[in-house]
Number of protein chains: 2
Amino acid sequence: MTTDIAICRAATLLPIAQVAARLDIPEEAIEPYGRVKAKIAPERLPTATSEGKLILVTAINPTPAGEGKTTTSVGLADALNRIGKRTALALREPSLGPCFGMKGGAAGGGHAQVAPMEDINLHFTGDFHAITSAHNLLAAMIDNHIHWGNKLGLDVRRIVWRRVLDMNDRALRDIAQSLGGVANGFPRESGFDITVASEVMAILCLARDLADLERRLGDIIVGTRADHSPVTARDLKADGAMAVLLKDAIRPNLVQTLENNPAFLHGGPFANIAHGCNSVIATRTALGLADYVVTEAGFGADLGAEKFFDIKCRQAGLDPAAAVIVATVRALKMNGGVAKADLAAEDVEAVRRGGVNLARHIENIRMFGVPAVVAINHFAGDSAEELAAVAEIARAHGVEAILCRHWAEGGAGAEALAHAVVALTETPGQFGFLYDDDLPLFDKINTVATRIYRAEGAVAEPAVLAKLARWEKTGHGRLPVCMAKTQYSFSTDPSLLGAPTGHIVHVREVRLAAGAGFVVAICGDIMTMPGLPRVPAAESVRLNAEGLIEGLF
Amino acid sequence: MTTDIAICRAATLLPIAQVAARLDIPEEAIEPYGRVKAKIAPERLPTATSEGKLILVTAINPTPAGEGKTTTSVGLADALNRIGKRTALALREPSLGPCFGMKGGAAGGGHAQVAPMEDINLHFTGDFHAITSAHNLLAAMIDNHIHWGNKLGLDVRRIVWRRVLDMNDRALRDIAQSLGGVANGFPRESGFDITVASEVMAILCLARDLADLERRLGDIIVGTRADHSPVTARDLKADGAMAVLLKDAIRPNLVQTLENNPAFLHGGPFANIAHGCNSVIATRTALGLADYVVTEAGFGADLGAEKFFDIKCRQAGLDPAAAVIVATVRALKMNGGVAKADLAAEDVEAVRRGGVNLARHIENIRMFGVPAVVAINHFAGDSAEELAAVAEIARAHGVEAILCRHWAEGGAGAEALAHAVVALTETPGQFGFLYDDDLPLFDKINTVATRIYRAEGAVAEPAVLAKLARWEKTGHGRLPVCMAKTQYSFSTDPSLLGAPTGHIVHVREVRLAAGAGFVVAICGDIMTMPGLPRVPAAESVRLNAEGLIEGLF
């Protein structure tokens, strides 16, 4: 079988200015990074006269079988371009750290990829490094402030701002810092998260422009005084320097699909402790240039689509025109109880049993007033009966299911999906949020738990409720909530596949991301600094004699 | 007074391809990074038919009065171009971290600068971030290896590989890591250095090509087993992945002077625990394209020039054609005992007293067989008598001293220096190293101490000598030595200005940089992770309404 990387290397990429020309991006707005990557300066673009239609690609709950959400996004964008619709992608940038753990990149697959795969998965245009620098400058300024007298009266036991690296490094999860004597500051406990978990990442992805970015950076709460009053990055005078470090990173990156269609890749916040979508600036830039914009949200629709609608669309004033729910026969079979090793055998009943997962995601998307279609991402072993079973489930819930072969065929394999999406967007949708801004914070959590996860309800210890009450008093009560739970189940138990009911959502901890503008509700164990596996992919990564990377993908 | 940044912003920069065209760099070798920065792919350049002449710019011992070594390098390169000599610069990239401590960048000054100053001082083309990633990947792989069973038998008490960040952050100098329980590994002490102190930085700057880079990365010794036998990055299988992370960083960066002449800025290792010069690849690339290449070494000639000759030229087979020793009247007065506050008053005698410092540097440079000239970097308050005194000192030691006004006038102000340098290079030099490869390691240290620093001798504790003996047995005895001492004095006491004699060089500690290919001899307190000052520059850095950076320079 030809690998993703072999397919990617065999593609002929256009000079990035030619890709930009497809969207009539003027030359003065293009900052090239090599020959096939560029940053686009939104302020140098002509004012948009119309607004493109925004298509969200989301999915059923992920399983080890794979769903192919990014692959479907790329295939759909290529297909829309093939049928004559001026279309751009708006996707997340992958994180460098995990590349050295497990083999495999994150830029689509088969004949539905964005390129150049190696660069995109490594340093790309340096955005994540800039975020790392900005985040860690704030951390250094916190400890420096304390070292020189702590005028702001920060309680060193109550500092919540950690440091970040774009690296899988378990040794940095928990550290004791400022050891070694007077010159090195006051010893305290702290640690590192991976860069995608940084609030600076979430901020970059939700900011409308540089001024909004700087304001949000200033709003970051780094910790509190002994009386619980918050200390912000603005109090530390770190916001200006952080914005300076991010002045290039805030510009969306332009690359291309293997079929030379424009793709904006920009930002990549976690989909658990953050909202899991590419930047608002990239989405808005794309909408101003194209007639259709295909975007994606992290994990399944319970986490990804809900946050896309309730956090990103709410903050950015976006109006999604349609949603594509990606499903595979294999993943539905796993949801229906089949083990990964047994996926090759035909099992129509298992597809039907697992179909309850798809059915519930369809219901949820429709609850937001967004017209939807199911994309069945075709795998070689799928049987006609299994595929028919998926279509039947979709139809029973009022939506179409389209078989897509973009992995094998590129955009040509997703033309039917493209036509279905165009048809959906021709009737104006009735998009609305799940909850209003003025609902109390815990009621927002409970609304997501009961209406999206179909739980009996959400519960939390008094200390958690007290925190929420405090934030409502400090003016943060109108923020949306960002649920951090397992992506594998509607519930907080990763082993409860299908469409569980009767479960309870335990909110273990809440965190205030005042700069990003949401309250994180942590339900379960969420890892913010991954480790490397026993045999990390890094061990087999190297440049071969022709200077090509081996072992990474 | 017009500031450096105002002068830089007022300059008209050429598109980088036009700058490259001045050196006949073919378009396929240019990787643009925005409009006025590029990386050059040396493997896509035509084979050089001749080799340019290499001019080293060095200086007297630095003082708080400032010498202007980079400024003089830029002025000289502009002047050489003005008098019709095809000339390129090869300089170090500045480090991002210190920018947020003290105000001020590192890209020349006045009308002798490289541009764009903001980009060069911030993320530039991402080289330092790539070095940070490669360095920290090795660190993560060390702890991961131990976590999963420690097959190599690393002694966790004897790991010498720390982590790095391009940040001034004293809180990270000494940490306890891997706390928090079984899942986070085995607790141990460690810490962070600033990225410029990374051995990966020194390696990138000494490697001849990608293959040599990977070999050197593999040679890095991360620690030892209990029996003192070394464990390398190659043993951990980290070398391939580290090379992949550095595949773009290894390409030299091309920018321009304010007079639009080509300048390669590439790499920037510390000048104490490392050798303090730009990359061999940049120097060699420049030599293959230009008739004259102006380069620079860190600190004064006792540290910078000695390491340039004995480490960089030795490893890379470079043959320097001439050296320029930068001096200022103000700095000589400080060497002659005048306090900084009193520098404005004319004091010819102080210049003569401080002149012993200049005289000794002249003698030292001539000891290497390199023809030299003194560049007097003119300051507004210098009197004619003071300037005459400097010229007299130079003449008495057999070299010319040329008054230079490049800070105020750009290349036009350094034309006399350019003519003098061209004249020097017309007679072939007789360059030779200070010591031979096969001299025992401690004898090499002693040779530098007695012949360059004019000390009575070097001394070290038995434990230090035992380490050197061990490395001679493991095949590292032929490496050159890299002295880490104060830059302010020929001695190891920063307060001993002028030309001290009778002092002793105490070697407190030695470190083996097996990948970079030198043995570091630490003589005094060397800080490898700076801290931020009481009021860091970061507090006043911000973007103004026009999107321009304020407060950084």
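The values are calculated or read from the model by the stated rules, or taken from the named source; none is laboratory data. The shown structure was predicted, so the numbers you read here are calculated from the model rather than taken from an experiment. Don't worry about glycine lacking a Cβ; one is built from the backbone with ideal geometry, like all the others, and counts go over all protein chains shown.
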Across region A:245-260, the tally of residues that are assigned to a loop (DSSP other than H, G, I, E, B) and either more than 14 Å from chain B (Cβ to nearest Cβ) or at positive phi (or both) stands at 4
Given (1) of a type outside the set (Ser, Thr, Tyr); (2) surrounded by fewer than 24 Cβ atoms within 10 Å (Cβ to Cβ); (3) farther than 30 Å from B:Glu67 by Cα, B:Met102 misses just (3)
When you look at B:Leu496, is it within 8 Å of chain A (Cβ to nearest Cβ) and either in contact with an Asp or Glu (Cβ under 8 Å, 6 or more places away or on another chain) or more than 30 Å from A:Ala238 (Cβ to Cβ) (or both), yes or no? no
Out of all the residues in region B:69-95, which are crowded, with 24+ Cβ neighbours inside 10 Å and of a type in the set (A, V, I, L, M)? B:Val74, B:Leu76, B:Ala77, B:Ala79, B:Leu80, B:Ala88, B:Leu89, B:Ala90, B:Leu91
Flagged in region B:462-498 as modelled with pLDDT under 95 and among the aliphatic types (A, V, I, L, M), in numbering order, are B:Leu496, B:Leu497
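So which residues in region A:329-347 are part of a helix (DSSP H, G or I) and surrounded by 18 or more Cβ atoms within 10 Å (Cβ to Cβ), if there are any at all? Spell out how you get there, then give the answer.
Of all residues in region A:329-347, those part of a helix (DSSP H, G or I) come to A:329-335, A:340-342.
If the condition is that a residue be part of a helix (DSSP H, G or I) and surrounded by 18 or more Cβ atoms within 10 Å (Cβ to Cβ), then A:Val329, A:Arg330, A:Ala331, A:Leu332, A:Lys333, A:Met334, A:Asn335 are the ones that fit.
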Return the pairs, sorted by first residue and then second, in which the second residue is surrounded by fewer than 17 Cβ atoms within 10 Å (Cβ to Cβ) and modelled with pLDDT under 95, the first residue lies in region A:24-51 and is within 14 Å of chain B (Cβ to nearest Cβ) and under 19 Å from B:Ile40 (Cβ atoms), the beta carbons are less than 9 Å apart, and the residues are 6+ apart or on different chains. A:Glu31/B:Arg35; A:Pro32/B:Arg35
Which of the residues belonging to region B:500-516 are in a loop (DSSP other than H, G, I, E, B) and touching a His at 6+ places or on another chain (Cβ under 9 Å)? B:Ala514, B:Ala516
Of all strands (runs of 3 or more DSSP E) completely enclosed by region A:399-489, which ones contain at least 2 residues that are of a type outside the set (Phe, Trp, Tyr) and over 24 Å from the mean Cα position of the chain (by Cα)? A:401-404, A:457-460
Is it true that B:Glu546 is at pLDDT 95 or above, within 14 Å of another protein chain (Cβ to nearest Cβ) and either closer than 30 Å to B:Arg9 by Cβ or in a loop (DSSP other than H, G, I, E, B) (or both)? no
How many residues are touching a strand residue (DSSP E or B) at 6+ places or on another chain (Cβ under 7 Å), without any contact (Cβ under 8 Å) to a residue 60 or more places away in the chain and either assigned to a loop (DSSP other than H, G, I, E, B) or surrounded by 22 or more Cβ atoms within 10 Å (Cβ to Cβ) (or both) when one looks only at region A:374-398? 4
Take the residues in region B:499-553 that are of a type in the set (Asp, Glu) and more than 29 Å from B:Met117 (Cβ to Cβ); name whichever of them is surrounded by the fewest Cβ atoms within 10 Å (Cβ to Cβ). B:Asp525
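With B:Gly517, B:Gly531 as the choices, which residue is within 26 Å of the chain's Cα centre (by Cα) and within 12 Å of another protein chain (Cβ to nearest Cβ)? Steps first, please.
Values: B:Gly517 fails: within 12 Å of another protein chain (Cβ to nearest Cβ).
Matching residue, one of B:Gly517, B:Gly531: B:Gly531.
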Kindly provide the set of residues from region B:195-219 that are within 24 Å of B:Ala469 (Cα to Cα), of a type in the set (Gly, Ala, Ser) and either without any contact (Cβ under 8 Å) to a residue 24 or more places away in the chain or buried (at least 24 other Cβ atoms within 10 Å of the Cβ) (or both), ordered by number. B:Ala202
Determine which single condition B:Val326 fails, assuming it passes every other condition in (1) part of a helix (DSSP H, G or I); (2) buried (at least 17 other Cβ atoms within 10 Å of the Cβ). (1)
Any chance you could count how many residues in region A:220-244 are surrounded by fewer than 20 Cβ atoms within 10 Å (Cβ to Cβ) and either within 13 Å of chain B (Cβ to nearest Cβ) or assigned to a helix (DSSP H, G or I) (or both)? 3
Every residue in region A:50-104 that is touching an Asp or Glu at 6+ places or on another chain (Cβ under 9 Å) and on the phi > 0 side of the Ramachandran plot, please. A:Gly104
Give just the number: which of (1) at pLDDT 95 or above; (2) within 14 Å of another protein chain (Cβ to nearest Cβ) does A:Ala88 not satisfy? (2)
Let me spell it out: the conditions are (1) crowded, with 21+ Cβ neighbours inside 10 Å; (2) free of Cβ contacts under 8 Å to residues at least 40 places away in the same chain; (3) not basic (Lys, Arg), and B:Met483 meets all of them except one. Which number is the exception? (2)
Could you please let me know if A:His145 is closer than 30 Å to A:Ala375 by Cα and touching a residue at least 40 places away in the same chain (Cβ under 8 Å)? no
Could you check region A:124-165 and list, in sequence order, the residues that are buried (at least 24 other Cβ atoms within 10 Å of the Cβ), closer than 30 Å to B:Lys37 by Cβ and not aliphatic (A, V, I, L, M)? A:Thr125, A:Asp127, A:Phe128, A:His129, A:Thr132, A:Ser133, A:His135, A:Asn136, A:Arg163
